[in-house]
Structure formats: C-alpha cells, structure tokens
1. Go through region A:45-92 residue by residue and tally those that are more than 10 Å from chain B (Cβ to nearest Cβ) and at positive phi.
2. Within region B:19-39, identify whether any single residue is over 30 Å from residue A:62 (Cα atoms), crowded, with 18+ Cβ neighbours inside 10 Å and more than 15 Å from the chain's Cα centre (by Cα), and answer yes or no.
3. Could you tell me whether region B:128-136 includes any residue that is free of Cβ contacts under 8 Å to residues at least 60 places away in the same chain, more than 22 Å from residue A:4 (Cα to Cα) and surrounded by 14 or more Cβ atoms within 10 Å (Cβ to Cβ)?
4. Quick check on my filter: what residues within region A:69-92 are part of a strand (DSSP E or B) and buried (at least 20 other Cβ atoms within 10 Å of the Cβ)?
5. Can you pull out every residue in region A:63-85 that is in contact with a helix residue (DSSP H, G or I) (Cβ under 6 Å, 6 or more places away or on another chain) and under 27 Å from residue B:50 (Cα atoms)?
6. Taking the options A:45, A:66, name whichever one is free of Cβ contacts under 8 Å to residues at least 60 places away in the same chain and either within 23 Å of residue B:57 (Cβ to Cβ) or surrounded by 17 or more Cβ atoms within 10 Å (Cβ to Cβ) (or both).
7. Restricting region B:80-98 to residues that are buried (at least 17 other Cβ atoms within 10 Å of the Cβ) and within 7 Å of chain A (Cβ to nearest Cβ), which is farthest from the chain's Cα centre (by Cα)?
8. Tell me the residue from B:75, B:104 that is part of a loop (DSSP other than H, G, I, E, B), under 23 Å from residue A:5 (Cα atoms) and within 9 Å of chain A (Cβ to nearest Cβ), please.
C-alpha cells in the first residue's frame, strides 16, 4: 500500500511524496515505514513511543484514531494512508 | 521568500474580509525550490473552530487530506497556509506558533480591521524538529506567475 508523506517530512524519505510498504494492518504499515526510513520516527512518535498529538493518520478518508480497531485495522494493497500534521492557530 | 500572483494575494485577503469578524483559513498550493515557496493556487478551507472563530482557526484533517490529494493530482504540493486576524495585527501569536507543525511551509497572516484587509505578512516555519522550530519573517513577492511552473 502507499503511504502519502506531507511536505515537511519528505526530507526523511529521500524526498518522495509517497512510500510503498507491504502490510496487513495500519500499525504494520507505519512500522514498515519507520523501518525503511528510521529518521522519520522521531518526527512521528514521542519519546514514549506514542504518535505525536499533532500527527493525524488517515486510512483513505478515515481518521485511524476513530476506527473501531484503530491501528489493528486491516488494510489491502488498494488502500492508502495519509500522514497529515494538524493546522490551527489564531490571534489569541 | 514567498511568491504568489496578485490574484492569489487578493483572494486570500478577500477571504479574510468575507469571514470577518471570524478568522478565515486556507491552504497554499505550489512548489518549493531554492528556499522559495511559489504559490500557484490558494484553496479555501472551513474553520472548524465555530466555538471561538473570532480568535481561533482549525482546518479539519479530513479536509486537508482531500486538499493534499487534489494538489497531488495537479502536480502541486502544500507549501503554506493562510489565515486572518480580525482586529489584530498580522503577527504570529503564541497559539499560531504552538499549533504550527509544517516545517518549511509559509504561514500567511492578514490583519482585518473592521472588515477591511490591512497588512499581510508571511512567516516561514524553520527548523528540523518540533523542538527547535521557529518562525522567521518572510518576504512576500507579488508577481504575475506563469501557470504550470511547478
């Protein structure tokens, strides 16, 4: 399956906009991504090994956090994952 | 440096006037090369912070996923974001900084005073990690860009 990489993180995946991985679940796909590109890990995960709060992972159009099985959700070759850092702010 | 066409520049400022007294927000699509973020298009996004839209903005990640997909189909990347500060200066705030995570991207802010767009500034989010990031003032160059340069 393909994992789409946002512009700020492409420096850690040889400037690719997408990385191809073999995986049966969302979690396996993310693991495969960071095994292929270890420098990416600290940008996605906290020191405790949890996905950073501002990093969103979408399976197709669904937020993985809200899927019943979360990272254990099964995937097929036709699915794609998108990594999307959050965007927010305001004057106050 | 941030390069954009006059039509894109005007469009993001007009967006801030339309949503006044609430903050507007959107995404800048284009390409980056040699330290320049070149914008081909600005895409409007909804502000999900309806609870406090006068001083906060947030773009739903699902909308970002769609915008990123559409950009990819056009051969473009997300190179920045814009929002407005109703009745406040076009300077980044503590909240803007805390919530900025797209390193290398431009964050454009337009001050909108009593419904009329005033100053527009851009800030480049620099650094290599969340821990060493910082905002740097960025020059905005408004010029007629040739479509398809990216």
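1. 2
2. Within region B:19-39, one or more residues are over 30 Å from residue A:62 (Cα atoms), crowded, with 18+ Cβ neighbours inside 10 Å and more than 15 Å from the chain's Cα centre (by Cα).
3. yes
4. A:81, A:82, A:83, A:84, A:85, A:87, A:88, A:89
5. Passing the criteria: A:64, A:82, A:84.
6. A:66 is the lone residue from the list that is free of Cβ contacts under 8 Å to residues at least 60 places away in the same chain and either within 23 Å of residue B:57 (Cβ to Cβ) or surrounded by 17 or more Cβ atoms within 10 Å (Cβ to Cβ) (or both).
7. The extreme case among them is B:88.
8. Every option except B:104 fails the conditions.
Every number in this text was worked out from the coordinates using simple rules, so none of it is lab data. From a predicted model like this one, the values you see are computed outputs, not experimental measurements. Backbone-built Cβ (ideal geometry, glycine too); neighbour counts: all protein chains shown.
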